[in-house]
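Below you'll find the structure, written out as structure tokens, and then a few comments.
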Amino acid sequence: MKPLFPALGAAVIAVCLAAPAQASAVAQLKAFVSGSKTLAADFTQTVTNKGKREEASGRLEIARPGKFRWEYTKPYSQLIVGDGKTLWIYDQDLAQVTRKAQGAALGSSPAALLAGNNEIERSYKLNEAGKQGDLEWLAASPKKQDNTFSAIRMGFKNNTLAEMQLTDSFGNDTRIVFSRQQQNAALPANRFAFTPPKGVDVVSGD
């Protein structure tokens, strides 16, 4: 069960935010949006559906607004790149690249939500969800019925967004945990460019 791009996707990364230590989760999210130009983090992802469980891990990089690179390295290789205009999904095992207009994809994945200026506030209603364990949580509910995700939760600790939990329209529950975050580090422009390798099939998505 491969995670789907936005059904891969879509989150906020554990990042130091310019907000008071006890700020609410919503305030910390807004501070993240306004205070970070670039972001890099490792992630682990767990997807469960009807008792089945799949785990994956990789690296996320973001250059705001609108550019991101979401790369799975385990247990398989899959790369999703948004260059600001085009969204590229490269499945190395299938030797296939899917290409689609990025504008239509924004708001439908954790990476896209994070890369935009305020995509999550446009698409979701934000509410405080209280403290559980050592994380302060917010809940995001979609404003439109046809949204890919029926629910998103984001957990913050010490002014960093450490975890995302997503429920999608396919019945998948996805948990993404971020680590080794770097905020406003210099990221080469070519990290957000993609050229299909020779010999792969290139198909246009919806």
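Within the stretch 58-77, can you find the residues that are among the hydrophobic types (A, V, I, L, M, F, W, C) and loosely packed, with under 14 Cβ neighbours inside 10 Å?
Step one: list which residues in the stretch 58-77 are among the hydrophobic types (A, V, I, L, M, F, W, C), which gives 60, 62-63, 68, 70.
Result: no residue meets the conditions.
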Please pick out the residue among F178, F156, F170 that is in contact with a strand residue (DSSP E or B) (Cβ under 9 Å, 6 or more places away or on another chain), assigned to a loop (DSSP other than H, G, I, E, B) and hydrophobic (A, V, I, L, M, F, W, C).
F170
Identify all residues within the stretch 149-206 that are among the acidic types (D, E) and under 23 Å from A56 (Cα atoms); write none if there are none.
E163, D168, D173
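Looking only at the stretch 83-126, count every residue that is at pLDDT below 85 and at negative phi and tell me the total. Working first, answer last.
Let us first name the residues in the stretch 83-126 that are at pLDDT below 85, namely 102-124.
Subset that is at negative phi: 102-106, 108-124.
Within the stretch 83-126, residues that are at pLDDT below 85 and at negative phi number 22.
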What are the residues in the stretch 13-57 that are open to solvent by 50 Å² or more (accessible area, probe 1.4 Å), of a type in the set (S, T, N, Q) and at pLDDT below 85, if any?
Q22, S34
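In this structure, is V202 hydrophobic (A, V, I, L, M, F, W, C) and in contact with a Lys or Arg (Cβ under 7 Å, 6 or more places away or on another chain)?
yes
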Show the residue pairs that are 6+ apart or on different chains and have beta-carbon atoms under 9 Å apart, the first residue being within the stretch 121-146 and over 15 Å from Q165 (Cα atoms) and assigned to a strand (DSSP E or B), the second being of a type in the set (G, A, S) and open to solvent by less than 100 Å² (accessible area, probe 1.4 Å).
K125/A139; K125/A140; K125/S141
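Here is a yes/no grid of residues against (1) open to solvent by less than 60 Å² (accessible area, probe 1.4 Å); (2) modelled with pLDDT under 90:
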| position | (1), (2) |
| --- | --- |
| L138 | yes, no |
| Q145 | no, yes |
| T160 | yes, yes |
| T167 | yes, no |
| K198 | no, no |
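The values are calculated or read from the model by the stated rules, or taken from the named source; none is laboratory data. What you see is a predicted model; the values in this text were computed from it and never measured. Neighbour counts are summed over all protein chains in view; Cβ atoms, including those assigned to glycine, are modelled from backbone coordinates with ideal geometry. The accessibility values were calculated without ligands, DNA or RNA, using every heavy atom of the protein model including side chains. Shrake-Rupley method; radii C 1.70, N 1.55, O 1.52, S 1.80 Å.
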